[in-house]
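Can you keep this structure in mind? I'll have questions shortly.
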Amino acid sequence: MTELSVQGLPISAIAEEFGTPLYLYDGDVLTETYTTLRRLLHPALELYFSLKANPNVSVCAELVALGAGAEVSSDIELRTAASAGAGPESTIFLGPGKSDDELRACVDAGIRAIVVESESELLRLDRLVANRAPVDVLLRVNPSFTTKGSGLSMGGKPRQFGIDEEQVPAVVALADNLPGVRVRGLHAYMGTRFLDPADVVHNTSQILRMAEELHRECGVELNTVDVGGGLGVAYFDSEKDFDVEALASELNQVVAQFVAAHPDTRLIMELGRYLVARAGTYVVRVRDVKQSRGETFVIADGGTNHHMAAVGVGSYVKRNFPIRSLTRSDEAATEPCTITGPLCTPNDVVGKRVQLPPVAIGDLLGVERSGAYGPTASPVQFLSHGYPAEVLVRDGVAHLVRHRDTADDLLGRQLLIERQ
Ligand SMILES: *Cc1c(COP(=O)(O)O)cnc(C)c1O
């Protein structure tokens with residue numbers, strides 16, 4: 001019986017110390033992922049971490065310490081990035097429906113740029129800035145071209161995000177007369193989960209071409225062009241991991257060409273999933289094993305309440321995340337098991353007919369590649385189970401980086417109306 005470990009620490013010891021269910025992050029994988037990308041990609045491309053993918057402050061701090069900027073989309077993410085050490089000069093804020101308070105917080109912090117998503121948002125920001133120095137904004141463009149290869153494509157369609165490419169010249173002209181804002185460049189994001197480097201190269205060159213065209217057409221400043229990102233990781237059997245070497249060899253040429261023509265433009269690539277997914281494992285403990293009409297069910301102490309992505313939303317046939325026995329890693333798979341959690345819904349299936357070694361009550365299972373869009377993108381309050389603990393292993397030491405929710409955390413938010 002061989003146990004799995006992270007940086008030499010047996011996962012069973014970590015689970016013993018911090019309890020389960022648990023999100024476990026390997027700092028070495030974070031470092032390796034970031035530094036490899038940084039080493040391969042053209043130096044003109046600044047890499048920003050999209051906190052949406054994993055807003056844990058310590059995870060963010062690891063990436064910031066390595067040199068990543070921060071791309072945030074809420075007031076709390078803005079504060080998280082600052083706590084994690086991201087300077088305002090390397091923080092951008094984007095997202096639809098920003099509140100006045102969020103815009104004010106960005107202005108007060110003096111962040112590098114606010115990515116404006118509509119004309120009315122630009123006007124609102126201008127009013128909020130009032131008599132202060134103008135703030136730098138990027139206009140998020142909803143491009144007229146379409147994209148392929150993404151699980152969730154963005155361009156060429158009616159969208160709530162950004163300003164349609166056709167409307168950009170009018171908004172740039174409007175901004176020229178607003179004393180509170182200065183348009184410093186453009187932003188476009190074409191979608192998520194790209195697995196083919198050719199698609200990212202295609203999108204990036206289209207975005208850069210669009211930026212040049214808009215610059216020629218309406219004189220929009222190109223101090224900064226944010227080319228989005230959306231690099232994916234393989235989750236399912238049929239998928240292959242994103243090949244960053246292949247990306248670099250093609251993309252760097254595109255970037256070099258653009259930089260030669262626009263030496264003063266700074267380029268940003270935003271990455272969420274790619275930077276964190278492979279560093280995280282969702283660790284659960286088996287509570288029950290049972291048979292039902294010929295199928296083996298393994299019931300764990302955590303399920304889709306912490307890992308909604310494992311349900312496989314959007315795919316017709318259920319596809320499984322990579323799931324391993326952490327307790328018996330070297331034993332051969334015997335029979336397929338369906339792995340479920342503690343929720344009272346048949347949809348609480350983390351893995352269907354997964355090939356695992358024999359599973360016993362008390363074993364630990366790990367859902368791998370789970371460092372992105374985990375608990376924050378899951379119904380953690382369902383059945384009042386609350387948020388799981390998060391642990392980051394760094395330099396061979398396991399650090400608790402988020403407490404699991406306690407009963408007081410959950411019950412303390414509720415108010416019981418007094419009865420006469
Ligand atoms: C979600 C999002 C990202 C991060 O996407 P990933 O696919 O996780 O890299 C980046 N930019 C924008 C605008 C987003 O909405």
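Just add up the charged neighbours of PRO379: K/R +1, D/E -1, any other residue whose Cβ is under 15 Å from the Cβ of PRO379.
-2
LYS52: which lysines have alpha carbons under 30 Å from its alpha carbon, excluding same-chain residues fewer than 8 sequence positions away?
LYS98, LYS148, LYS157, LYS240, LYS318, LYS352
Taking R0 as 60 Å, what's the FRET efficiency between ALA13 and CYS218 from their Cβ-Cβ distance, rounded to 0.05?
After rounding to 0.05, the efficiency reads 0.50.
Quote the FRET efficiency, to the nearest 0.05, computed for THR406 versus ALA133 with a Förster distance R0 of 45 Å and r equal to the Cβ-Cβ distance.
E(calc), rounded to 0.05, equals 0.50.
Could I ask something else about it? Which of ALA300, ALA256, ALA310 ends up with the largest GNM mean-square fluctuation for the chain, with Cα atoms connected below 10 Å?
Greatest mean-square fluctuation among the candidates belongs to ALA256.
State, to one decimal in nm, how far the label point of LEU415 lies from the label point of LEU383, with both points 7 Å from Cα in the Cβ direction.
3.0 nm
Explain nothing, just compute: Karplus ³J(HN,Hα) = 6.51 cos²θ - 1.76 cosθ + 1.60, θ = phi - 60°, for every residue of region 223-232 in order, whole Hz, x for Gly and Pro.
Residue by residue, region 223-232 yields 5, 9, 10, 9, 9, x, x, x, 4, x Hz.
Limiting things to C-alpha atoms, what are the Rg and the maximum Cα-Cα separation (Dmax) for region 94-271, in angstroms?
16.7, 57
Right, next: I need the shape label for region 8-59. Rule: rounded when a/c is under 1.5, else prolate if a/b > b/c, else oblate, with a, b, c from the alpha carbon gyration tensor. Mind showing how you got there, number by number?
Numbers: a/c = 5.11, a/b = 2.09, b/c = 2.44.
Because a/c hits 1.5 or more and a/b fails to exceed b/c, region 8-59 counts as oblate.
For ILE163, list long-range residues whose amide hydrogen, built 1.01 Å from N in the peptide plane, is under 5 Å from its own amide hydrogen.
ARG140, VAL141, ASN142
Based solely on its DSSP helices, what 222 nm [θ] is calculated for the chain when runs of n ≥ 4 H residues each add -39,500 (n - 2.57) and the sum is averaged over all residues, nearest 500 deg cm²/dmol?
Values: 11 runs with 120 residues, N = 420.
Using -39500 (n - 2.57) per qualifying helix, the result is -8500 deg cm²/dmol.
Here's something else I'd like to know. Would you mind checking which residues have amide H under 5 Å from ALA70's amide H? H placed 1.01 Å from N; only 5 or more apart, or other chain.
Those qualifying (amide H under 5 Å, at least 5 residues apart or on another chain) are PHE49, THR91, ILE92.
Do any chymotrypsin sites (Phe, Trp or Tyr not before Pro) in region 221-265 lie in a DSSP loop with no more than 15 other beta carbon atoms within 10 Å, and if so, which? Before the final figure, lay out the partial values.
Working: sites: TYR235, PHE236, PHE242, PHE258; in loops: TYR235, PHE236, PHE242.
Qualifying residues, ordered by number: PHE236.
Compute the separation of the alpha-carbon centres of region 155-210 and region 112-144 and state it in Å as a whole number.
One Cα centre to the other: 14 Å.
Residues in region 20-35, backbone N under 15 Å from the label point at ALA65 (7 Å along the Cα-to-beta-carbon vector): list them, ranges by number please.
Counting only backbone N, you get 25-35.
Taking N as the number of residues in region 191-291, what is its Cα Rg relative to 2.2 N^0.38 Å? Mind dumping the intermediate values first?
Values: Rg = 18.7 Å, N = 101, 2.2 N^0.38 = 12.7 Å.
Its radius of gyration relative to the 2.2 N^0.38 Å reference: 1.47.
Suppose R0 equals 35 Å; then what is the FRET efficiency for THR146 and ILE76 from their Cβ-Cβ distance, rounded to the nearest 0.05?
0.55
Using only alpha-carbon positions, what ratio does the radius of gyration of the chain give when scaled by 2.2 N^0.38 Å? Show your work: numbers first, answer last.
Details: Rg = 23.1 Å, N = 420, 2.2 N^0.38 = 21.8 Å.
Normalised Cα radius of gyration, the chain: 1.06.
What length, rounded to one decimal in nm, is gained on full extension from ALA173 through to LEU40, with 0.36 nm per residue of separation minus their alpha-carbon distance?
Answer, rounded to one decimal: 44.0 nm.
Ok, one more. Taking amide H positions as placed 1.01 Å from N in the peptide plane, with prolines and chain starts having none, which residues 5 or more places from LEU356, or on another chain, fall under 5 Å of its amide H?
HN-HN under 5 Å from LEU356: THR334, GLU335, CYS337.
Each value in this text was obtained by applying a stated rule to the coordinates, not by laboratory testing. Because the structure is a prediction, the values reported are computed rather than measured. Here the Cβ is made from the backbone with ideal geometry for all residues, glycine too, and neighbour counts use every protein chain on show.
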